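The values are calculated or read from the model by the stated rules, or taken from the named source; none is laboratory data. Note that this is a predicted model, so its numbers are computed, not measured. Every residue, glycine among them, receives a Cβ derived from its backbone with ideal geometry; neighbour counts consider all protein chains shown.
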Amino acid sequence: MDDSRFENVDDIDSLILEILGADPRAPYSEIAAKLNEAGYEMSSEGIRYRVTKLLDSTTVFFLLDPEDVSWEIARLAVEAVDEPGAKDETFEMLADMRFWHVVRGIGTYDVYAVGMAPTLRDIDELVTSVEEHDAVARVDYIVVTDRESNLDDYYMTPEKSEE
């Protein structure tokens, strides 16, 4: 196992990520002060160690905010035809298109995808191209008109959610 990665993210790690999410340049002394306020006493060196480990286990995304560029967001739920290899083919087809988040799972649909386009017409063309693919049986979708994101929930560990 790569010892540069954490096996589990605990409440301290979550709080450090939350602090860095708000201010990526926060000095270790400031992080230590905020952790102390939350009841966790750590040295700057201990925080540096944890931040280094967390940075090894996270990624950085520079995503355009659709509201800033006036683009439309579409979320698709796709059911593949009942043929051997159709689910894999559908997943690969969506991954090669203009979707920035494509997942396969167990449930009502075989593949989910999220993408953006400048206009509703572009979204319609994108959905139509998915619907016309031979491996696709059904496509349901929504165009996002409003959303609420709560990063506090993103940083929450299982231990925090049980409180």
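Somewhere in segment 66-85, is a residue in the same structural domain as residue 99 (by TED's automatic domain parsing), at pLDDT 85 or above and on the phi > 0 side of the Ramachandran plot?
Yes, there is a match, as at least one residue in segment 66-85 is in the same structural domain as residue 99 (by TED's automatic domain parsing), at pLDDT 85 or above and on the phi > 0 side of the Ramachandran plot.
With the condition being surrounded by 12 or more Cβ atoms within 10 Å (Cβ to Cβ), modelled with pLDDT of 95 or more and assigned by TED's automatic domain parsing to the domain that holds residue 87, I'd like the helices (runs of 4 or more DSSP H) fully within segment 103-162 carrying at least 3 qualifying residues. I'd like the intermediate steps shown before the answer.
On the way: elements: 120-131, 151-154, 158-161.
It comes to 120-131.
Which of the residues belonging to segment 82-106 are in contact with a helix residue (DSSP H, G or I) (Cβ under 7 Å, 6 or more places away or on another chain) and without any contact (Cβ under 8 Å) to a residue 24 or more places away in the chain?
102, 104
What tally of residues in segment 9-56 results from selecting those that are touching a Lys or Arg at 6+ places or on another chain (Cβ under 7 Å) and exposed (fewer than 13 other Cβ atoms within 10 Å of the Cβ)?
1
Can you confirm whether segment 31-54 contains a residue that is assigned to a loop (DSSP other than H, G, I, E, B), more than 30 Å from residue 117 (Cβ to Cβ), modelled with pLDDT of 90 or more and among the acidic types (Asp, Glu)?
Yes, that holds for at least one residue.
Collect the residues in segment 71-93 that are surrounded by fewer than 19 Cβ atoms within 10 Å (Cβ to Cβ) and not in a loop (DSSP other than H, G, I, E, B), keeping them in residue-number order.
Initially, segment 71-93 is screened for residues surrounded by fewer than 19 Cβ atoms within 10 Å (Cβ to Cβ), giving 71, 73, 75, 77, 79, 81-89, 92.
Across segment 71-93, the qualifying residues are 73, 75, 77, 79, 86, 87, 88, 89, 92.
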